[in-house]
Amino acid sequence: LQICDDPLLEDILQYLRLPSFDCSEYSDEEILLILQYMYLHFDFPVKYNINMTTLRNFLFQVYKNYNEVPFHNFRHSFCVTQMMYAMILKVDLSKLIDDLEILVLITSCICHDLDHPGYNNLYQVNARTELALRYNDISPLENHHCSVAFHILDLPDANIFENFSSDMFRTVREGIIRCILATDMARHNEILTQFRDAVTEGFDFKNQLHINLLCMILIKVADISNEARPMNVAEPWLDKLFKEFFTQSDTEKKEGLPVTPFMDRDKITKPSSQCSFIGYVLLPLFEALVQLFPELNEMIVYPVRYALDYYRKLNEAVKDEQRQ
Ligand SMILES: COc1ccc(NC(=O)[C@H](C)Nc2nc3c(cnn3-c3ccccc3C)c(=O)[nH]2)cc1
Ligand SMILES: [Zn+2]
């Protein structure tokens, strides 16, 4: 399918649809342009009367409100958005759900970790931080990410929903809140179980509750999908994740706070923790989504099965070495 007549741009736009897309090859400016292109690709500016200058201001404000932390930075939000974009196109989602829901999915991904401090909810609660106090220990980070998103949308020149009716704005606001709050991994089993039940009883694309569950699963899949990417793309992200986790557990030790077990550098190795993460968290989640969209098998399930095999072999090698 020919997207445009500029061969260089054509290549980037084809590449953008694949999990192998590596955002480290692009500058911040190029990433912002690609995000802008995604809105244009779905024709949102025309469909929802979004002013292009307002869209650029919105994307730039989002960019400015991510922190320079190892993992939960602006590029992570882009990776999540790009995986969402790839899945939406692969299953031709716009034929199954409203354009407004697609707008919610893309915008939620871009905003889903806004102003992340690099210290997770467990730390926020144990250290009794300002965020934990403000949100009464209830998904403090995710509530904050969502609140920052709507503060940006409150800026006069960055509100991409400025021309929405109050009903449309309410629908989009509810959708974005639902999606961003769904990324709290503490709710993983709750959401996955509800989605599985919906698929078991017969998924109904006219049932708003089923659509809501699907959107939550899609952003959850996109959020933790690094291992669906080729090893040379996934590995650096895992190193960044562990860097962020270890900074937190070092701080927890210094502050005499409980140390999150899977973050303790003295307790875990990358291969062993990835084996359990992929085996117990990623595969069950991805396989539940693939039950509804089999066409996602080669995009997200096969690569992750391969990654699991890779880490199992690495784990065995490490164990053999220790035995000798
Ligand atoms: C059920 O709640 C959970 C379950 C597992 C984890 N994390 C892990 O098991 C470890 C640290 N591995 C891991 N964690 C990952 C990955 C991708 N995202 N991600 C992540 C990052 C921040 C917060 C939570 C998660 C799962 C990944 O490839 N591996 C964190 C929370
Ligand atoms: Zn995230």
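The values are calculated or read from the model by the stated rules, or taken from the named source; none is laboratory data. All values reported here derive from a predicted model rather than from experimental measurement. So basically every Cβ, Gly included, is an ideal-geometry build from the backbone, and we count neighbours across all protein chains shown.
If the Cβ limit is 6 Å and pairs must be 6+ apart or interchain, which residue in the stretch 172-185 that is within 13 Å of ligand 2 (Cβ to nearest atom) pairs with which residue that is assigned to a loop (DSSP other than H, G, I, E, B) and not hydrophobic (A, V, I, L, M, F, W, C)? Between residues of the stretch 172-185 that are within 13 Å of ligand 2 (Cβ to nearest atom) and residues that are assigned to a loop (DSSP other than H, G, I, E, B) and not hydrophobic (A, V, I, L, M, F, W, C), the close pairs are 180/112; 181/139; 183/112; 184/139. Summed over the stretch 15-32, residues that are in a helix (DSSP H, G or I) and surrounded by 15 or more Cβ atoms within 10 Å (Cβ to Cβ) total 3. If you go through the stretch 104-117 and keep only what is within 12 Å of ligand 2 (Cβ to nearest atom), farther than 15 Å from residue 178 by Cβ and not aliphatic (A, V, I, L, M), you end up with 113, 116.
Applying a threshold of 8 Å to beta carbon distances and a minimum spacing of six or more residues, or different chains, the list of pairs starting in the stretch 1-25 at a residue that is touching a residue at least 60 places away in the same chain (Cβ under 8 Å) and ending at one that is among the charged types (D, E, K, R) and assigned to a helix (DSSP H, G or I) reads 17/90; 24/75.
Of all positions in the stretch 36-55, at least one carries a residue that is under 28 Å from residue 231 (Cβ atoms) and either exposed (fewer than 13 other Cβ atoms within 10 Å of the Cβ) or at pLDDT 95 or above (or both). In this structure, does residue 167 turn out to be in contact (Cβ under 8 Å) with a residue 12 or more places away in the chain and among the charged types (D, E, K, R)? Judged against the criteria, residue 167 is not a match. Being surrounded by 20 or more Cβ atoms within 10 Å (Cβ to Cβ) and in contact with an Asp or Glu (Cβ under 6 Å, 6 or more places away or on another chain) is a description that applies to residue 307. Applying the criterion of at least 3 residues that are β-branched (Val, Ile, Thr) to the helices (runs of 4 or more DSSP H) found wholly in the stretch 195-307 leaves 208-223, 231-254. For the stretch 64-85, the count of residues that are farther than 20 Å from residue 237 by Cβ and among the hydroxyl-bearing types (Ser, Thr, Tyr) is zero. Give the residue, chosen from 304, 281, that is more than 16 Å from ligand 2 (Cβ to nearest atom) and on the phi < 0 side of the Ramachandran plot. One residue alone meets the criteria, 304.
Just the residues that are among the hydroxyl-bearing types (Ser, Thr, Tyr), out of contact with any helix residue (DSSP H, G or I) (no Cβ under 8 Å at 6 or more places or on another chain) and under 22 Å from residue 55 (Cα atoms), please, taken from the stretch 1-40.
Correct list: 27 only.
Scoring residue 269 on the criteria (1) surrounded by 16 or more Cβ atoms within 10 Å (Cβ to Cβ); (2) touching a residue at least 40 places away in the same chain (Cβ under 8 Å) leaves a single failure, condition (1). From the list 233, 259, the lone residue that is surrounded by 14 or more Cβ atoms within 10 Å (Cβ to Cβ) and modelled with pLDDT under 95 is 259.
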